[in-house]
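J.: Submitted below is the structure of interest, expressed as structure tokens.
The values are calculated or read from the model by the stated rules, or taken from the named source; none is laboratory data. Bear in mind the structure is a predicted one, so any value in this text is a computation, not a measurement. Backbone-built Cβ (ideal geometry, glycine too); neighbour counts: all protein chains shown. Remember, those area values only see protein heavy atoms, side chains included, never the ligands or the DNA or RNA. Shrake-Rupley method; radii C 1.70, N 1.55, O 1.52, S 1.80 Å.
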Amino acid sequence: MPSHFITVANIENLPPGTCKNIETQDWGIALFNLDGQIYALDNTCPHAGGPLGEGTIEGEHITCPWHGWKFHIPTGICQA
Ligand code: FES
């Protein structure tokens, strides 16, 4: 029976307060570690396709590196 889960990263490579781009076969994912809680968002910014996983984390928010839109990491809601 095929698994619905795939390993995309090791927790040792995602310390608290960091983010990482993950490219799977089907899409890009931005992984975040906020105080030990792991979150995943679509890596493609809805504004113009910037890589959210290369953005800057401030508290619970990620700022897109291309034009500065902000997203609440736990919910994915845009705060632009
Ligand atoms: S592509 Fe992300 S803010 Fe423009």
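J.: So which strands (runs of 3 or more DSSP E) stay within segment 1-62 end to end and still have 3 or more residues that are open to solvent by less than 100 Å² (accessible area, probe 1.4 Å)? It would help to see each step written out before you state the result.
T.: On the way: elements: 18-23, 28-34, 37-42, 56-58.
Fully inside segment 1-62 and qualifying: 18-23, 28-34, 37-42.
J.: For segment 70-80, what are the residues that are under 14 Å from the mean Cα position of the chain (by Cα) and of a type outside the set (Gly, Ala, Ser)? First the steps, then the outcome.
T.: At the first step, the residues of segment 70-80 found to be under 14 Å from the mean Cα position of the chain (by Cα) are 70-78.
Once the filter is applied, which keeps residues that are under 14 Å from the mean Cα position of the chain (by Cα) and of a type outside the set (Gly, Ala, Ser), segment 70-80 yields 70, 71, 72, 73, 74, 75, 77, 78.
J.: Which one is nearest to residue 33 (Cα to Cα) among residues in segment 66-80 that are open to solvent by 60 Å² or more (accessible area, probe 1.4 Å) and assigned to a loop (DSSP other than H, G, I, E, B)?
T.: 75
J.: Considering each of 52, 41 in turn, give the residue that is touching a Phe, Trp or Tyr at 6+ places or on another chain (Cβ under 8 Å), within 14 Å of residue 29 (Cβ to Cβ) and either within 9 Å of the ligand (Cβ to nearest atom) or at pLDDT below 95 (or both).
T.: Working: 41 fails: either within 9 Å of the ligand (Cβ to nearest atom) or at pLDDT below 95 (or both).
Answer to the selection: 52.
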